[in-house]
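Before any comments, here is the structure.
The values are calculated or read from the model by the stated rules, or taken from the named source; none is laboratory data. Just so it is clear, the structure is predicted and the values come from calculations on it, not from any experiment. Don't worry about glycine lacking a Cβ; one is built from the backbone with ideal geometry, like all the others, and counts go over all protein chains shown.
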Amino acid sequence: MEINKIEERLRKNKEEKNFRSLKIIDENRLNLSSNDYLGIGQDKNLKDKFLEEYRNEISFSSSSSRLITGNYKIIRELEEELNKIYGKKSLVMNSGFSANKTIIETFYNKDSLIITDRLNHASIYDGILASGSKIIRYKHLDVNHLENILEKYHRDYSDILVVTETVYSMDGDIAPIKEIVNLKKKYKFDLMVDEAHSYGVFGYGISYEEDLIKDIDFITIPLGKGGGSIGAYIICSDIHRDYLINFGREFIYTTALPPVNNLWNLFILKNMKNFQEKREKLEDLKNFTLNKIKQMKLKTTSTSHIISLIIGDNEKADIVCKNLREKGYIVYPIKSPTVLKGSERMRLGLNPNISKVEIEKFLEEFKNECNNLF
């Protein structure tokens, strides 16, 4: 792209209040923007236990892809543990973005139909674009609309993929996975479920907790949120795993994550059942926060630990967040076009280390800032 075109596009982004820049986080402030929903990544006791148990096994580079020398002992142990838990085969990937994109672009093509929830993650849309498949978007969480599309097109395509997330990061709402699975009794399609924002918070994920693993063709479990780490798991059949290893370009041509990361992932996986107290504290804080929002007549669409406070304007969202940061809170706006115009917001990521007193005070400050602008 020519420099003048780059400059023009950046200038337009600034004019529309959509310009992004990197920020330095002040760790002394109350962090309400983190995706570390169980506080695992910041748990000193957990880190001490990990180091005590695995200090002599830590290594910081895999140095190659998994098809060369990067298929080290720990990554194999991690996949064996996943296989036992989920009752299917697993494949460890470097990121959730890569896992989602790789599945779609590897298995689907111009002869396929992909039906996706309108609000699915960018990695899913990138995978669809890379695959060349026909795409139809169904209304967010609307199973009736999804069924109407399946009814209309299921005879025209032998290859259909339906894609949904479990918990949505922008609205904090939860997909009716069981209802979507039930459609498989009536129509022939593959189902892919992204557990990015449910793993940890819902134990091994909503698909696992609702006993739906056997009915879902691809489950992706990114680890950068409730998993308190980095990387991702794909849960699938044996033949799908073999195909990904042989034809998944982002798997084949990527250096594997360092062993230390997957050692931590294995440690967290083995300790997942021990985090029940964290989950209960988070659930209690979520219910408290949603009740306060209702009492204060603030606007949200959320029903989970991810809480969006709707502001409705890019510039006002910027101002509210800037003023709250100056008051000691780590908060950032989510602006259009990331979300629909008119639904610009501030998104809160709760975790069990935040107190009810802190949340109540923050909501009062938020309401005051909004009242000053509207």
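The single residue among LYS322, LYS341 that is assigned to a loop (DSSP other than H, G, I, E, B) and charged (D, E, K, R) turns out to be LYS341. Would you confirm whether or not the range 236-244 contains a residue that is crowded, with 18+ Cβ neighbours inside 10 Å and closer than 30 Å to ASP171 by Cα? Yes - at least one qualifying residue is present in the range 236-244. Restricting to the range 217-249, what's the tally of residues that are assigned to a helix (DSSP H, G or I) and within 19 Å of VAL193 (Cα to Cα)? Matching residues across the range 217-249 total 6.
Of the residues making up the range 136-172, those that are farther than 29 Å from ASN35 by Cβ, assigned to a loop (DSSP other than H, G, I, E, B) and of a type outside the set (D, E, K, R) are HIS154, TYR157, SER158. With respect to (1) closer than 26 Å to LEU223 by Cβ; (2) assigned to a helix (DSSP H, G or I); (3) in contact with an Asp or Glu (Cβ under 8 Å, 6 or more places away or on another chain), the lone exception for SER304 is condition (2). Residues considered: LEU348, LEU309, LEU290, LEU285. Of these, the only one that is without any contact (Cβ under 8 Å) to a residue 24 or more places away in the chain, surrounded by 15 or more Cβ atoms within 10 Å (Cβ to Cβ), aliphatic (A, V, I, L, M) and under 30 Å from TYR204 (Cα atoms) is LEU290. Of VAL181, VAL143, VAL193, all but one fail to be aliphatic (A, V, I, L, M), buried (at least 23 other Cβ atoms within 10 Å of the Cβ) and in contact with a helix residue (DSSP H, G or I) (Cβ under 8 Å, 6 or more places away or on another chain); the exception is VAL193. Return yes or no: is LEU119 under 29 Å from GLU344 (Cβ atoms), touching a Phe, Trp or Tyr at 6+ places or on another chain (Cβ under 7 Å) and not assigned by TED's automatic domain parsing to the domain that holds LYS214? Spelling it out, it is not the case that LEU119 is under 29 Å from GLU344 (Cβ atoms), touching a Phe, Trp or Tyr at 6+ places or on another chain (Cβ under 7 Å) and not assigned by TED's automatic domain parsing to the domain that holds LYS214. For the range 28-48, a residue qualifies if it is small (Gly, Ala, Ser) and either in contact with a Gly (Cβ under 7 Å, 6 or more places away or on another chain) or more than 14 Å from PHE275 (Cα to Cα) (or both), and the qualifying residues are SER33, SER34, GLY41. Return the pairs, sorted by first residue and then second, in which the second residue is in a helix (DSSP H, G or I), the first residue lies in the range 51-62 and is among the acidic types (Asp, Glu), the beta carbons are less than 9 Å apart, and the residues are 6+ apart or on different chains. Matching pairs, first to second residue: GLU53/PHE267; GLU57/LYS73; GLU57/ILE74; GLU57/PRO259; GLU57/VAL260; GLU57/LEU263. Looking at the range 330-340, can you tell me whether even one residue there is within 30 Å of GLU277 (Cα to Cα) and either in contact with a Leu (Cβ under 9 Å, 6 or more places away or on another chain) or of a type in the set (Lys, Arg) (or both)? Taking every residue of the range 330-340 in turn, at least one turns out to be within 30 Å of GLU277 (Cα to Cα) and either in contact with a Leu (Cβ under 9 Å, 6 or more places away or on another chain) or of a type in the set (Lys, Arg) (or both).
Residue count for the range 173-216 under the criterion of being part of a helix (DSSP H, G or I) and of a type in the set (Gly, Ala, Ser): the result is 1. Checking the structure you have, find out if any residue of the range 52-66 is within 24 Å of the chain's Cα centre (by Cα), at pLDDT 95 or above, buried (at least 18 other Cβ atoms within 10 Å of the Cβ) and of a type outside the set (A, V, I, L, M, F, W, C). No: zero hits. Contact map, the range 246-274: residues that are among the basic types (Lys, Arg) paired with residues that are crowded, with 22+ Cβ neighbours inside 10 Å and part of a helix (DSSP H, G or I), Cβ distance under 8 Å, separation 6+ or inter-chain. Pairs shown: ARG249/THR102. Of the helices (runs of 4 or more DSSP H) entirely within the range 2-116, those holding at least 1 residues that are of a type in the set (Phe, Trp, Tyr) and farther than 29 Å from TYR253 by Cα occupy 44-54.
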